[in-house]
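The values are calculated or read from the model by the stated rules, or taken from the named source; none is laboratory data. Being a predicted model, the structure only gives us computed values, none of them experimental. Virtual Cβ from ideal backbone geometry, glycine too; neighbours counted across all protein chains shown.
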There are 4 protein chains.
Amino acid sequence: MLNVAVAGASGYAGGEVLRWFERHPDARVGAVTAGGNAGSRLGAVHPHLFSLADRVLEETTVDTLRGHDAVVLALPHGHSAAVAEGLGDDVVVIDCGADFRLRDGSAWSTFYDTPYAGSWAYGLPELPLRGGVSGRDTLVGEKRIAVPGCYPTASTLALAPGFAAGVLEGDDVVIVAASGTSGAGKALKPNLLGAEVMGSMSPYGVGGVHRHTPEIEQNLAAAAGSPVTVSFTPTLAPMPRGILATCTARVRPGTTADTVREAWRTAYADEPFVHLLEPGSWPTTAHVIGSNHVEVQVVLDGRAGRVVAVAAVDNLAKGTAGAAVQCLNLAVGLPESTGLLGSGVAP
Amino acid sequence: MLNVAVAGASGYAGGEVLRWFERHPDARVGAVTAGGNAGSRLGAVHPHLFSLADRVLEETTVDTLRGHDAVVLALPHGHSAAVAEGLGDDVVVIDCGADFRLRDGSAWSTFYDTPYAGSWAYGLPELPLRGGVSGRDTLVGEKRIAVPGCYPTASTLALAPGFAAGVLEGDDVVIVAASGTSGAGKALKPNLLGAEVMGSMSPYGVGGVHRHTPEIEQNLAAAAGSPVTVSFTPTLAPMPRGILATCTARVRPGTTADTVREAWRTAYADEPFVHLLEPGSWPTTAHVIGSNHVEVQVVLDGRAGRVVAVAAVDNLAKGTAGAAVQCLNLAVGLPESTGLLGSGVAP
Amino acid sequence: MLNVAVAGASGYAGGEVLRWFERHPDARVGAVTAGGNAGSRLGAVHPHLFSLADRVLEETTVDTLRGHDAVVLALPHGHSAAVAEGLGDDVVVIDCGADFRLRDGSAWSTFYDTPYAGSWAYGLPELPLRGGVSGRDTLVGEKRIAVPGCYPTASTLALAPGFAAGVLEGDDVVIVAASGTSGAGKALKPNLLGAEVMGSMSPYGVGGVHRHTPEIEQNLAAAAGSPVTVSFTPTLAPMPRGILATCTARVRPGTTADTVREAWRTAYADEPFVHLLEPGSWPTTAHVIGSNHVEVQVVLDGRAGRVVAVAAVDNLAKGTAGAAVQCLNLAVGLPESTGLLGSGVAP
Amino acid sequence: MLNVAVAGASGYAGGEVLRWFERHPDARVGAVTAGGNAGSRLGAVHPHLFSLADRVLEETTVDTLRGHDAVVLALPHGHSAAVAEGLGDDVVVIDCGADFRLRDGSAWSTFYDTPYAGSWAYGLPELPLRGGVSGRDTLVGEKRIAVPGCYPTASTLALAPGFAAGVLEGDDVVIVAASGTSGAGKALKPNLLGAEVMGSMSPYGVGGVHRHTPEIEQNLAAAAGSPVTVSFTPTLAPMPRGILATCTARVRPGTTADTVREAWRTAYADEPFVHLLEPGSWPTTAHVIGSNHVEVQVVLDGRAGRVVAVAAVDNLAKGTAGAAVQCLNLAVGLPESTGLLGSGVAP
């Protein structure tokens, strides 16, 4: 039985990490820590987590986190490095934050406002790479893993098979993604009030400035074996959870609909969580809410010379906390899908 | 390992029954049957149930349902009796429909349009009865159990402790409940279209005509040991799931706030799924969506001489499918909460 | 052309007041004032008010508000008296706040935390009173009018005809109302975040403590000619606007369905904004969003000995700003419905 | 006073046409016609249109529509030609359907399943064309006008200034648009049920097959003076109304952020309904719901070599019925914005 601490447990991501560990058969929740909410009962912060209601949030320090088999960090960016350094090298540390995702320090500096902390193994097991290997090969037995961002997870899983198969051009990828508002966290901002959000859509971080842009490019480049440039526009949708990423890329000359389908089919044939839908069905966020599953579909638009690939994920589950559990399973040698196979809640 | 068939598996209730059995450690899903959807893949009908996607819906007949340890019926009312009769007496039959809930044939005839089929054990384990016994005492080892309606579950759990404790008058109960639209099922009605439902609330079945009225009265009378009359108004709320039942009843003379709180505290002190909230906190449907949990709160309004008791449930989970699993556990001698303790999905 | 100033123009109520005056043929918007938002462009605070985008919010002071034919106050409670006193007796002042609604100073002191300011004419023209007179008779030519609260407007219009006609008992009224979240204003509270609100319902101010309770009682007592006691429970619904008030009261012995219908029919037969629906149709908030209209329906529940009367209003329109315009029209001698007859926006 | 008939008045588009004419100072609603709903009271079909509640829907025939100054058609595609032919050449006919939008018969045949009917003047007054002229120059005094589709309106207004100014490449436009579900009409389809729609997003018509694709290309080509190819993906969003179109196109070499902004600023400087937002603000559908206004914003993504231009419209208002009124105003010589300047309803 793994003893797992969760740091930053009072936010939406932290709460979701707890929800997944609550049902994990081989792990139990150790210390739960927070910043401003330290001292609160978990039941007051996450009323839906009934089995953990009487646990009390401790302060996020190296001391409270020490002595666990694994620590999951769900902290604001810029805070993970100090905590991770204080934990022993034998402790598995899974970071849900952005700090260790980018391998290019200059990309970090362009998009983030804290010092570059370096990079860890990137926790996207299903990332198809050229030559038939996948992201999971880099994760088995790892002690330090960076969980992908929610948009990069959806966008990468939508498009990477085409890059790994060599059928897509890398110089003109366009991604427009819609996210539920839990993706914006619990910060009290006027534009996140229910009265503003319900019944409304709007973009944000437009024009190549959203921080997930270089991470998406890094992933697609890893699949392609060459650089990829992305125009990425996130939008806020009137739903609590879920990401729908609509992704397009130009195809290489001679690419057929069959080639395209075969590339995606091959990439995900054996994946437990990524489901290429039957032709004619399209990803729908409601199908994956609360689950670690991903719906993917792709089609070739011959007129425009582009594939349109769409993925639906739960931003908090496969987009964050489910992925964290999946990475931990790989890190400690458990079956990858342990505790993760349940269905989502629909309708 | 119990082999469980699910009849009426293509509706919202049936799909939710499958979702709960998918995670049940001591049961596996046998035949899944439907009416008009027979022949379809489950993946086409309930895309969120990935582990069962390749199962094919068979026709709902006694033959397809025979040979299981248990059968869960999620059929339109009027259809359960014929199916149940054809199954052996040793098979556990759990009916999510209304057919066997009412002990009073004349109440059935007043509210329903099919012949009265009789009554089975009533599947509300937490129903507090006078003298400290509870509904679960009637369920252990039973072979035929009627799962309560969703509104009756919420309304009964909100008010019954006061009747069991003898602090409430039975002649003037008023209940107004809001339900998510999955409660109306998958029928294609114009008023259930998303564009009509979103951002709007409206009542229906007003004026003492909703079919759940006599069931609520039956339950509260069982707790009180004397007749109870209820004014019940259901409303449709712009959410997929969830019921919030706001229930009031006049208190007997001399009843104090302390008496009230103590009655409710005692009733649910040992219940795994019914949670009396801390004073000042109020039930919120989001806290129980996807779970078998129930939030309850009560307060005495001294000015009006009434208690206001509120309960939140997921209409498809504790309101239907979770209750079905809970009843089955009791029927076959498994721990009552087997497979049911997980948290809901929030936010 | 009336020159109208709006104080507290940066909140939801203030913005809605501006929206209604924008379309008023005999009024123009003069000074627009605010507290913390003074200095901002209106376009930054209410982006949907395109025609007023370049107006700048001034500070709310007597000086900025002086010199107008009318001033509409949309201030937090406790602030209206000082402003109104500074304005001349010839200026029409319409207060959207609570300060001058209650005629009973002790009721004010029980429910509010600021000193009692007295009472003004109560701005509910459609309030049916015993003997066939109505609220509007008290408003023509008035210089100081208190706009009713949103819940009292819906609740009163639902039930008052029965009290005016003498068919209802006044000692046991129960009202449960659902409101869109704009009713809670723009305050940045965690429970008002979109991710918390969407898909969820919860009650608040339960147990006879909500401030609108004495106002509802005052109105129903005015219709009845004798005291009325109300159990009032408000709930927060996942929609931006709208109130659905479900109201029940016991009927006097001998009251028939026909008596009931006739009482309601008579009360609203000539009202331009209050619509008693055809039997079988029920109020739906979507039908009145953005409009000054009210839908009302009533039915007698013979089993429970109660009428159930339901009203739907837009909390910001007929519930606040539309009513303010209606009151101003009466105060200055314009046709009551000037600028108010437009339909709402549906779906 | 124009006497205007509305054909197809029972659908969402038809109801919205009525809502706009209800407030038009120089028009009154004549015959209102429908297919299957003929014989119904308007109040039963569109309960929010209180002033027209007692009007009765007649059958859609040339006879019922004859004798009006103008006829607005809101019919399923394929039905407009027969009706329009039967009306005199002196009657203004405004078609909200697709039948007369495309000037290229082969594009029609590729995307639609009825015979090509020809093309009428295209009703997008704000369409910026090369050389500083605009779409309105083609509409003044016209007797037959085709109202643009909702997606084409949003997409065209977002991108056309760049094409008219010659700063965009036409060979690789990518548009992803989110629409409220009223855009799918009142058809009773399972995926449009509230329980399915709320909290969920999904694409449809993916891969270059949506019927609005050639219309968008036609508009952008008209602005560019040369062919434009578009990859267009529509998505269904959990809101009743509104379209958010996120549009990108590669810029010509040497294009600067200033050039881009100046092109858009110039195009819309004098437009009453199209508002280029301040830098840093982004279109939000809630700001335009219920109004004829359009929010537009654009930014240059230098990394990706693309502009991202976003537009928000109300699909039923500026996207359909508001545009119809605007076209009629131009056709008959009224000021273009007559009856159209009101603000939307927010929050």
| Do we find that B:ASP137 is acidic (Asp, Glu), assigned to a helix (DSSP H, G or I) and either more than 30 Å from B:ARG66 (Cβ to Cβ) or touching a Phe, Trp or Tyr at 6+ places or on another chain (Cβ under 9 Å) (or both) in this structure? | yes
| request: Can you tell me which residue within region C:178-194, out of those that are surrounded by 24 or more Cβ atoms within 10 Å (Cβ to Cβ) and either of a type outside the set (A, V, I, L, M) or assigned to a helix (DSSP H, G or I) (or both), is nearest to the chain's Cα centre (by Cα)? | output: C:GLY183
| request: Those residues that are within 30 Å of C:MET239 (Cβ to Cβ) and surrounded by fewer than 16 Cβ atoms within 10 Å (Cβ to Cβ), I need them from region D:247-280; list them, please. | output: D:GLU278, D:GLY280
| note | When (1) farther than 18 Å from B:ASN315 by Cα; (2) touching a helix residue (DSSP H, G or I) at 6+ places or on another chain (Cβ under 9 Å); (3) part of a helix (DSSP H, G or I) are applied to B:THR255, the one that fails is (3)
| said: Going through A:THR246, A:THR320, A:THR285, A:THR255 one at a time, which residue ends up being β-branched (Val, Ile, Thr) and touching a Leu at 6+ places or on another chain (Cβ under 6 Å)? | reply: A:THR285
| query | Residue check: is B:GLY339 of a type outside the set (S, T, N, Q), within 12 Å of another protein chain (Cβ to nearest Cβ), assigned to a loop (DSSP other than H, G, I, E, B) and surrounded by fewer than 24 Cβ atoms within 10 Å (Cβ to Cβ)? | reply | yes
| note | Scanning region B:300-336 for residues that are aliphatic (A, V, I, L, M), within 11 Å of chain C (Cβ to nearest Cβ) and surrounded by fewer than 24 Cβ atoms within 10 Å (Cβ to Cβ), the one farthest from the chain's Cα centre (by Cα) turns out to be B:ALA304
| In region A:288-299, what residues are at the interface with another protein chain (Cβ under 7 Å from one of its Cβ atoms) and farther than 20 Å from A:VAL17 by Cα? | A:VAL299
| message | So, in region D:225-234, how many residues would count as being at the interface with chain A (Cβ under 7 Å from one of its Cβ atoms) and closer than 11 Å to D:TYR204 by Cα? | response | 1
| Which of (1) at positive phi; (2) away from chain C (no Cβ under 14 Å) is the odd one out, the single condition A:PRO283 does not satisfy? | (1)
| Among the residues of region A:112-168, which ones are more than 18 Å from the chain's Cα centre (by Cα) and of a type in the set (Lys, Arg)? | A:ARG130, A:LYS143
| query | Which members of region C:120-140 meet the condition of being among the aliphatic types (A, V, I, L, M) and modelled with pLDDT under 90? | reply | C:LEU129, C:VAL133
| note | The number of residues in region A:195-224 that are part of a helix (DSSP H, G or I) and either small (Gly, Ala, Ser) or more than 14 Å from chain C (Cβ to nearest Cβ) (or both) is 13
| query | Can you spot a residue in region B:272-283 that is part of a strand (DSSP E or B) and touching a residue at least 24 places away in the same chain (Cβ under 8 Å)? | reply | yes
| request: Could you pull out the residue among D:GLY88, D:GLY78, D:GLY105 that is surrounded by fewer than 23 Cβ atoms within 10 Å (Cβ to Cβ), within 19 Å of D:ILE145 (Cα to Cα) and at pLDDT below 95? | output: D:GLY88
| Taking region D:112-134 as the region of interest, how many residues are outside any loop (DSSP other than H, G, I, E, B) and in contact with a helix residue (DSSP H, G or I) (Cβ under 6 Å, 6 or more places away or on another chain)? | 3
| task | Scan (1) part of a helix (DSSP H, G or I); (2) surrounded by 18 or more Cβ atoms within 10 Å (Cβ to Cβ) for the single condition B:PRO148 breaks and write down its number. | result | (1)
| request: For region D:109-162, name all the residues that are under 11 Å from D:CYS327 (Cβ atoms) and of a type in the set (Phe, Trp, Tyr). | output: D:TRP120, D:TYR122
| In region C:28-58, how many residues are within 16 Å of C:LEU73 (Cα to Cα) and surrounded by 16 or more Cβ atoms within 10 Å (Cβ to Cβ)? | 10
| query | Does B:LEU2 satisfy the condition of being within 27 Å of A:PRO25 (Cβ to Cβ), more than 22 Å from the chain's Cα centre (by Cα) and modelled with pLDDT of 95 or more? | reply | yes
| Of the numbered conditions (1) out of contact with any Gly (no Cβ under 6 Å at 6 or more places or on another chain); (2) under 28 Å from D:ASP95 (Cα atoms), D:CYS327 satisfies every one except a single condition; which is it? | (1)
| Single unsatisfied condition, C:LEU157 versus (1) among the aliphatic types (A, V, I, L, M); (2) assigned to a loop (DSSP other than H, G, I, E, B); (3) surrounded by 24 or more Cβ atoms within 10 Å (Cβ to Cβ) | (2)
| note | Inside region A:235-252, the number of residues satisfying the requirement of being at the interface with chain D (Cβ under 10 Å from one of its Cβ atoms), in a loop (DSSP other than H, G, I, E, B) and within 12 Å of A:LEU300 (Cβ to Cβ) is 0
| message | Could you tell me how many of the residues in region D:225-238 are crowded, with 24+ Cβ neighbours inside 10 Å and touching a Lys or Arg at 6+ places or on another chain (Cβ under 8 Å)? | response | 1
| task | Provide a single number: the residues in region A:318-342 that are at pLDDT below 95 and of a type in the set (Gly, Ala, Ser). | result | 1
| message | List the helices (runs of 4 or more DSSP H) inside region B:2-93, counting only whole elements, that have at least 3 residues being more than 21 Å from B:LEU330 (Cα to Cα) and more than 14 Å from chain A (Cβ to nearest Cβ). | response | B:62-65, B:80-86
| note | If you go through C:GLU142, C:GLU58, the only one that is touching a helix residue (DSSP H, G or I) at 6+ places or on another chain (Cβ under 6 Å) and closer than 30 Å to D:VAL274 by Cα is C:GLU58
